[in-house]
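See below for the structure under consideration.
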Amino acid sequence: MSGKIPYLKHDYKYDHILPFKEWKPFDNAQGCTPVDGVQLCMEKSPPLLPGEQVKAPLPTAPKPSAPPPGKKELTAPVPAMKATAEKAPKEEKKKQIKPFDLYDIPQAMRAEVFTVGAKLSQRWLDGRAYSAYVKNAKGQDVEGRYDADMIDTDTVKLSWLRKLPAIEERYQTLLKTLQSPKAIETLKDDFRKNLLHDHRLFAGPFDALTHCKNDYQTLHDQFQFQFSNVSMFDTVIEFQSWDAASRYGRNLGMSDVTASLANFTFYATVARAHVNYEQFNRYNTPKGTMHCVHSRISVTHIYIYARDSYSFYDKGKASQYLGHWNKTGLIVLPDAALVSWGMKKVMDDEERIQGGTWDRPIELENGTMPPFPVDVIGKLLDQDVYYPIRNRDYREWRERKGRGGDFLIYSDLQLVRLNRPIELDMGVVCG
């Protein structure tokens, strides 16, 4: 047995003239080997934030003053070396591997042509220290509301996401379920709580984004009514057959979407609607005469968008494996990736309950994943040694640097005019 570890590498393949990248398996004698004595580096720091001051260097010991003119500086005599002294044996030269720095992850992503992933990673590293998670009254970690500067609405586009067939299927699933009974009831609740509760006599056209003061988070919280989950397996691409990988059922490789979002969700929210109401009185009730309103709402337009949180939060003791990286890119060890693969993921409790087929992350116990760097060639060259990265490495980097900001991602809002408006009978409310 060779003792080598199988891995996947995103490597170039040449088709006639134009090169392109595809995932290639390396197994048996071509596998990688563990490397001792090197580890992930966290020396590099991001540029200063606007208004941030450079930290003053630590004071150094003062240099001795020069002797007065005419006086010689006294120095201790240096004992002469004995001619018969034995020469010190030459130390064996060891190859010095320049360690990979976590701050170079965006560079590695660009080398893999993960363009969007590189932009998102760079934003997290260069951002101010910010955690998406806060403690609730029970002391549990919950995802809170994001500060306005920690929201990205420019980087991820729906057209880019929908290029992958499996992701397009999830998008179409959302369109097909807009008028499900559960979606209708959610819509009614949204309008009751966020419009009719304070505006019983509202009538006329309704613009949800304007009502929410152009705040995406408020729009999502108040008028989102249906969603379709996109699992990590929808974002990956399949590659050629390989015995060591095919035993897992599918031969999969990471795409730029995987590197950027891994799991995410398509959402539908109200965009435009028209509200009508009838007003009348009910007499001789136990409470006397009551003034009643019967509202009806016709939802004519919706927004569809992708939403995800870019964070390195771990639920549980284990920390999610993100691949083995160096400046030239990444490799993936299938045994580790099988149960803990993706660039990151945050899921809130509501999505866990409602998702049904949601691709929940499976924790990988720390002892089962190779925690060491690996060499894919065996010559200890910088470009051939890859370092394991986990979520916890990013959190440690944030603690060291005082930087690294979680942020919320929204794609562009796609305005969709419904061929058949969603009709809501809000019932009669008397008071």
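A few remarks follow.
- The range 128-198: C-alpha gyration tensor shape, a/c 1.5 cut-off, then a/b vs b/c: oblate
- Ranked by how many other Cβ atoms sit within 10 Å of their own Cβ, fewest first, the residues Phe227, Phe233 fall in the order Phe233, Phe227.
- Unit charges on C-beta of K, R, D, E only; dipole of the range 99-190, Debye: 280 debye
- Cα-centred dipole magnitude for the range 159-238, charges only on beta-carbon of K, R (+1) and D, E (-1), debye, nearest 20: 200 debye
- Cα-based shape type of the range 151-305, given that a ≥ b ≥ c are square roots of the gyration tensor eigenvalues and the cut on a/c is 1.5: prolate
- Shape category assigned to the range 92-155 from the gyration tensor of Cα positions, a/c cut at 1.5: oblate
- Annotation note: GluC sites (Glu not before Pro) in the range 135-220 located in DSSP loop regions with a Cβ neighbour count of at most 13 within 10 Å are absent.
Only the coordinates and a few stated rules stand behind these numbers; no lab work does. Everything numeric in this text was worked out from a predicted model, so none of it was measured. Cβ: placed from backbone, ideal geometry, glycine included. Neighbour counts: every protein chain shown.
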